[in-house]
1. For the condition in contact (Cβ under 8 Å) with a residue 24 or more places away in the chain and surrounded by 14 or more Cβ atoms within 10 Å (Cβ to Cβ), what is the one hit in 27, 21, 16?
2. Restricting attention to region 109-125, report how many residues are part of a loop (DSSP other than H, G, I, E, B) and of a type in the set (A, V, I, L, M, F, W, C).
3. Which condition from (1) more than 21 Å from residue 131 (Cβ to Cβ); (2) assigned to a loop (DSSP other than H, G, I, E, B); (3) of a type outside the set (Gly, Ala, Ser) is the one that residue 106 breaks?
4. Restricting to region 80-127, give me the number of residues that are farther than 18 Å from residue 62 by Cα, surrounded by 13 or more Cβ atoms within 10 Å (Cβ to Cβ) and of a type in the set (S, T, N, Q).
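Please treat every number below as a calculation from the coordinates, not as lab data. The structure displayed is predicted, hence computed values, not measured ones. For neighbour counting, all protein chains shown are included, and Cβ atoms are generated from backbone atoms with ideal geometry for every residue, glycine included.
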Amino acid sequence: MANYPLPKFHFQVDWGGTSIGFTEVSGLDVETEVIEYRHGASNEYFKTKQPGMVKYSNLTFKRGTFKDDNEFFEWYKKNLMFENPERRDITISLLGEDHTPRVVWKVKNAFITKVQSTDLKADGNEIAIETMEVVHEGLEIQHGS
């Protein structure tokens, strides 16, 4: 059997047991900041480098706008007072042909920071797309079968 890369169009997003369809998910980045150091008595003219703090990108979710579905904005409103933001764990799965997870991104303690409604165009014929931006405190990547 040939070994091909996975297509990126077959995925699902789950938070709190609810599976929600999205047209796009981006920001699945993790990065280690670099600490540079050179002590004053060093006879070398370069800095040493070592790993520092881990930094995660914000996640962006896009989906079609549906009548009577205001879940993005309702979640956003729960976080406006900043006293106790509603955090959710989110699981994003890239699926294989048999609809089983092949790569899974587990996002920890996420909360919504931005909701962007669709732009409106009188001469357009595209689907209305809404966007949600989420911050989080951890990203784990797991590869399945």
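1. Selected residue: 27, the only one of 27, 21, 16 that is in contact (Cβ under 8 Å) with a residue 24 or more places away in the chain and surrounded by 14 or more Cβ atoms within 10 Å (Cβ to Cβ).
2. 2
3. Going through (1) more than 21 Å from residue 131 (Cβ to Cβ); (2) assigned to a loop (DSSP other than H, G, I, E, B); (3) of a type outside the set (Gly, Ala, Ser) one by one, residue 106 breaks only (2).
4. Number of matching residues: 1.
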